[in-house]
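Some notes on the structure that comes next.
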Amino acid sequence: MKRFNSYFSKRFISFLVSFLFILATYAQGTLTGTISGSDGDVLIGASVAIKGTSAGTVTDFDGNYSLEVPAGAQTIVYSYVGYSTFEMSITVEDGNTYTQDVVLNLDNLSLDEVVVTGTFTGRTQKESPMSMTILNAAQLQQLASNSQADILRTIPGITAEGGGGEVASNVFVRGMPSGGQYQFTPLQVDGLPVLSTFGLNSSAHDVYFRNDIGIRNLEFVRGGSSTLFGAGSVAGIVNYTSITGTAEPENKVQLEWAEGGRTKVDFLSAGPISEDLFYAISGFYRYDDGPLETGLPTRGYQIRGNIKKLFNEGKSSLTVSGQIIDDNVQFYLPYPLANDNGQRERPTGNDGETIYTLLTGQAKDFSFDTPFGRFKSPIGNGVTTQGGYIMVDLKHSFGNDWRLATKAKAASYNHWFNLFLDGDGVHNVPETQASFLADRNLPSNATLTYADDGTQLAAGDLLFQNRILDRERPMEELVGEIYLTKTAGNHNISFGTFLANTKADDNNWISNYVGDFRNAPRMVNVSYMDDQGNDVNFSTGGFISGSQTSNRYHESSKIAFFAGDEIKGDKVNLDIGFRWEKATGIISRETGVGSNTFQKGTVSTDDIAVAIAALFKINSSFNLYANASRGYFFPQLRSVSFSAPGRPQSYETESVLQGEVGLKYGKNKFAATAAVFYVGLNDRRNVDFINDPNNPGNVIEDVRLQSTRTFGLEGTLNYNLAKGLNFYGNLTLQDHEFTKVEGNESQVGNELRRQPNIMGMAGLSYDNAGFDANLSSNFMGSKFANDGNTVELDGFNIVRLDAGYRFSLGEKESLRLGISVFNLLDADGVTEGSPRQGDAQTGSSTFFVGRPILPRRLFIRAAFDF
């Protein structure tokens with residue numbers, strides 16, 4: 001009986017404790033109120049969240065909110081894009097209702113927004129001793145038109161070229177020499193690089209990832225301190241953060257139509273699955289004949305998503321995210337422009353129409369024999385990417401001020417980069433029929449007919465011989481990062497490790513053809529009778545010849561250890577840190593395709609990056625900061641040559657010295673930043689694709705050892721002119737030059753190619769919660785097309801317009817109808833000359849091979865939020 005009573009007592013106590021726990025768990029009160037801005041307008045869609053949880057809500061069309069809050073002491077966080085975040089402590093009793101109206105102050109440059117890029121702990125932009133730019137989801141949507149370049153060119157210090165179309169944007173940062181792509185500024189998604197090693201081939205990071213409406217924001221951290229926080233992030237980090245689900249459901253569908261036959265559907269859905277499980281999924285499907293009509297339409301889709309689980313009483317979170325992509329786009333290289341005393345314009349074709357591109361669907365079915373069998377060119381597919389990634393992000397807060405963060409990602413892509421080149425590698429410009437035949441030692445009485453209908457060319461029609469380069473580049477990558485952070489007083493001490501293994505093939509095929517000179521050129525048959533009376537075809541269906549030119553494999557493994565301390569004081573913040581990293585590369589290149597003879601070797605090197613940064617808080621509105629660093633960049637594996645079989649050349653890091661001093665100011669209606677910077681890069685192995693002088697028609701990689709230095713000034717500002725009306729802008733001035741050019745000392749003192757001395761933007765934005773509009777102008781100053789500084793390209797402006805009106809369809813439902821115009825004034829600026837001609841290019845001939853900016857394009861969008 002005693003045992004029974006004891007058993008019963010234990011059961012009863014256990015039941016009572018459980019019951020009281022359940023009551024405590026579900027004990028809650030209600031918090032209601034209205035959120036408005038300091039300009040007096042109510043804020044629609046403002047966020048109200050319980051700190052440390054995923055519970056929250058958003059305001060309705062009247063700025064009102066209602067939130068169930070667990071009983072006890074809680075911190076409520078109020079936030080809205082463009083306004084300072086506000087936190088409030090409250091003690092909630094079960095069953096009570098509380099009212100709290102909140103007024104948020106304008107934060108024009110997002111100086112008070114917490115950033116997670118370039119820091120171990122997360123902090124506001126104002127309190128970070130580095131230059132930063134944040135673009136929110138609405139701004140990204142306004143800027144999204146053709147490519148990443150449309151977004152990145154709005155950021156101070158970045159020169160971004162998007163004339164090639166939707167992928168492979170060329171990005172240059174603060175006067176650092178490169179062939180473009182993202183060599184010193186890798187793209188990241190949710191804190192891990194899209195590709196951790198650049199230079200296994202020449203494909204840019206943006207071929208593996210597309211923006212969609214599931215992006216929460218973009219954070220760009222520039223300067224040397226970024227070296228500590230990412231693989232290859234010498235000049236900065238471009239980090240896109242995805243939307244994750246919260247307790248408040250969020251759904252959006254956007255329909256888009258654009259000139260050039262574009263149709264696109266974007267979607268986003270996010271919200272709770274259960275009390276501590278949340279989801280988000282986004283993506284798009286599109287069909288496009290543009291942005292330049294070529295007769296080679298493109299289509300594709302991308303789906304991204306994540307599931308987030310909270311556990312351990314909210315101390316832990318596990319987020320599993322992934323991507324599936326199957327997309328193809330066309331890529332536009334430079335082509336011959338009409339050149340009238342340096343006035344370079346789109347030329348007129350044989351049919352009397354302006355030529356916008358020389359891509360053509362008539363060249364998409366060519367095939368030829370190779371040592372590995374018959375190869376059919378996939379040029380009709382353009383740049384194709386199929387595959388995706390899966391990523392795991394685990395975070396845990398220990399009870400003794402230790403925090404763990406770990407991420408791991410596996411990616412695999414089947415990728416082809418197929419493109420039309422910018423000429424035959426010898427002439428590269430349109431030719432008269434007589435010149436074409438004479439320069440190729442063909443009889444002057446040869447017959448020239450169109451391949452599609454057999455008709456003979458008119459006497460004055462020009463010919464253009466071009467090449468197709470097909471490049472197969474499958475890629476696989478495993479990457480992981482783990483670090484621990486300890487908060488001890490005013491110190492946030494972090495240390496961790498980074499691991500990556502990346503494999504990529506680079507198989508190239510090149511073919512030659514001849515067509516006429518017009519948009520979507522028609523293929524031309526060239527035939528004649530030889531001295532023996534035999535019929536000879538120089539081109540058949542326009543096709544001349546083709547071969548496989550490379551069979552390469554590169555693999556990179558990296559391991560890094562890093563540590564840092566972010567010290568926060570009342571008046572001074574101090575950051576110190578270092579990163580040690582080792583890279584090992586495996587190289588395999590067949591010397592002569594089909595020869596079964598290979599150059600094989602392994603290279604390895606390591607280096608240390610160190611950085612120190614400080615910020616001084618003059619007052620609540622004005623901060624001064626400075627940072628200095630010594631960093632490194634691993635040479636591209638494709639740049640490594642062999643001194644003998646099995647003996648690759650030396651492989652050493654390229655050292656980078658950077659320094660910056662700046663200020664950040666934000667008060668009431670005005671916010672501004674300014675910085676002066678220095679960048680010095682030593683012994684850079686620069687790689688260019690150039691026409692092979694020893695094998696006309698072929699393309700080879702040219703490697704040059706270069707050193708450079710840059711001094712510059714950056715500034716940004718935002719001023720609230722009136723209710724809902726803002727003026728904003730930025731300006732970058734930079735003076736850059738070569739201090740060393742191996743094999744061409746005469747270029748020392750020259751300016752770096754394709755990088756202007758002045759660039760900036762200015763704009764006006766208006767939003768009254770119903771009607772919104774944004775008008776901006778990007779200016780790029782004049783620059784040189786090559787390192788020899790033999791050709792100067794004029795500066796240009798790109799004007800953008802985005803406007804729309806939001807209709808209320810219910811309490812939290814709306815429809816925004818909008819228009820967006822890229823290059824509103826239809827400017828004709830030239831972004832680059834012909835990299836394949838290099839220093840041999842001149843600007844005095846009748847034609848100039850260059851790549852103009854994309855022409856004006858109108859977008860119409862309908863976005864449903866519910």
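Among the residues of segment 604-649, count how many are assigned to a strand (DSSP E or B) and under 30 Å from the mean Cα position of the chain (by Cα). Let's see the steps before the verdict.
Looking only at segment 604-649, we keep the residues that are assigned to a strand (DSSP E or B), and these are 604-617, 622-633, 642-644, 647-648.
Still in the list and also under 30 Å from the mean Cα position of the chain (by Cα): 604-615, 623-633.
Of the residues in that region, 23 qualify.
Could you please let me know if Gly305 is under 20 Å from the mean Cα position of the chain (by Cα) and closer than 30 Å to Asp607 by Cα? Outline the logic, then answer.
Numbers: under 20 Å from the mean Cα position of the chain (by Cα): yes; closer than 30 Å to Asp607 by Cα: no.
Answer is no for this residue.
The rows are residues; the columns are (1) more than 20 Å from Ala411 (Cβ to Cβ); (2) in contact with a Gly (Cβ under 9 Å, 6 or more places away or on another chain); (3) not acidic (Asp, Glu).
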residue: Tyr301; (1), (2), (3): no, yes, yes
residue: Ile307; (1), (2), (3): no, yes, yes
residue: Asp326; (1), (2), (3): no, yes, no
residue: Phe331; (1), (2), (3): yes, yes, yes
residue: Leu337; (1), (2), (3): yes, yes, yes
residue: Asp340; (1), (2), (3): yes, no, no
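Find all pairs meeting these conditions: Cβ atoms under 7 angstrom apart; at least six residues apart or on different chains; first residue within segment 804-815 and closer than 24 Å to Ser765 by Cβ and free of Cβ contacts under 8 Å to residues at least 60 places away in the same chain; second residue among the hydroxyl-bearing types (Ser, Thr, Tyr) and assigned to a strand (DSSP E or B).
Arg806/Ser814; Phe807/Ser814
So how many residues does segment 817-853 have that are farther than 16 Å from Gly423 by Cα, part of a loop (DSSP other than H, G, I, E, B) and either free of Cβ contacts under 8 Å to residues at least 60 places away in the same chain or open to solvent by 10 Å² or more (accessible area, probe 1.4 Å) (or both)?
9
I'd like to know if segment 583-591 contains one or more residues that are open to solvent by less than 50 Å² (accessible area, probe 1.4 Å) and among the hydrophobic types (A, V, I, L, M, F, W, C).
Yes - at least one qualifying residue is present in segment 583-591.
Scan Leu463, Leu484, Leu404 and give me the residue that is within 28 Å of Asn339 (Cα to Cα), touching a residue at least 40 places away in the same chain (Cβ under 8 Å) and in contact with a strand residue (DSSP E or B) (Cβ under 6 Å, 6 or more places away or on another chain).
From the options Leu463, Leu484, Leu404, the qualifying one is Leu463.
Select the strands (runs of 3 or more DSSP E) contained entirely in segment 223-297, then report the ones holding at least 3 residues which are of a type outside the set (S, T, N, Q) and surrounded by fewer than 19 Cβ atoms within 10 Å (Cβ to Cβ).
250-258, 262-274, 277-288
Tell me which residues, restricted to segment 553-589, are β-branched (Val, Ile, Thr) and within 29 Å of Gln125 (Cβ to Cβ).
Of everything in segment 553-589, those that are β-branched (Val, Ile, Thr) and within 29 Å of Gln125 (Cβ to Cβ) turn out to be Ile567, Val572, Ile576.
Of all the residues that make up segment 674-726, how many are closer than 15 Å to Ser639 by Cβ and small (Gly, Ala, Ser)?
Qualifying residue count, segment 674-726: 0.
Filter segment 541-570 down to the residues that are free of Cβ contacts under 8 Å to residues at least 60 places away in the same chain and open to solvent by 60 Å² or more (accessible area, probe 1.4 Å) and list them by number.
Answer for segment 541-570, where residues must be free of Cβ contacts under 8 Å to residues at least 60 places away in the same chain and open to solvent by 60 Å² or more (accessible area, probe 1.4 Å): Tyr553, Asp570.
Quick check on my filter: what residues within segment 635-677 are within 22 Å of Thr502 (Cα to Cα), open to solvent by less than 20 Å² (accessible area, probe 1.4 Å) and touching a Ser or Thr at 6+ places or on another chain (Cβ under 8 Å)?
Of everything in segment 635-677, those that are within 22 Å of Thr502 (Cα to Cα), open to solvent by less than 20 Å² (accessible area, probe 1.4 Å) and touching a Ser or Thr at 6+ places or on another chain (Cβ under 8 Å) turn out to be Pro635, Leu637, Arg638.
Residue check: is Ser203 under 13 Å from the mean Cα position of the chain (by Cα), part of a loop (DSSP other than H, G, I, E, B), closer than 25 Å to Ser557 by Cα and at pLDDT 85 or above?
It is true that Ser203 is under 13 Å from the mean Cα position of the chain (by Cα), part of a loop (DSSP other than H, G, I, E, B), closer than 25 Å to Ser557 by Cα and at pLDDT 85 or above.
Can you tell me how many residues in segment 712-760 are in contact with a His (Cβ under 8 Å, 6 or more places away or on another chain) and either open to solvent by less than 10 Å² (accessible area, probe 1.4 Å) or hydrophobic (A, V, I, L, M, F, W, C) (or both)?
Counting residues in segment 712-760 that are in contact with a His (Cβ under 8 Å, 6 or more places away or on another chain) and either open to solvent by less than 10 Å² (accessible area, probe 1.4 Å) or hydrophobic (A, V, I, L, M, F, W, C) (or both) gives 2.
Does Ile690 satisfy the condition of being modelled with pLDDT under 95 and either of a type in the set (Phe, Trp, Tyr) or in contact with a helix residue (DSSP H, G or I) (Cβ under 8 Å, 6 or more places away or on another chain) (or both)?
Judged against the criteria, Ile690 is a match.
The values are calculated or read from the model by the stated rules, or taken from the named source; none is laboratory data. Please read all numbers here as calculations on a predicted model, not as lab measurements. As a convention, Cβ positions derive from the backbone with ideal geometry for all residues, glycine included, and neighbour counts pool all protein chains shown. Quick note on the areas: whole protein, heavy atoms, side chains included, nothing else; ligands and nucleic acids left out. Shrake-Rupley method; radii C 1.70, N 1.55, O 1.52, S 1.80 Å.
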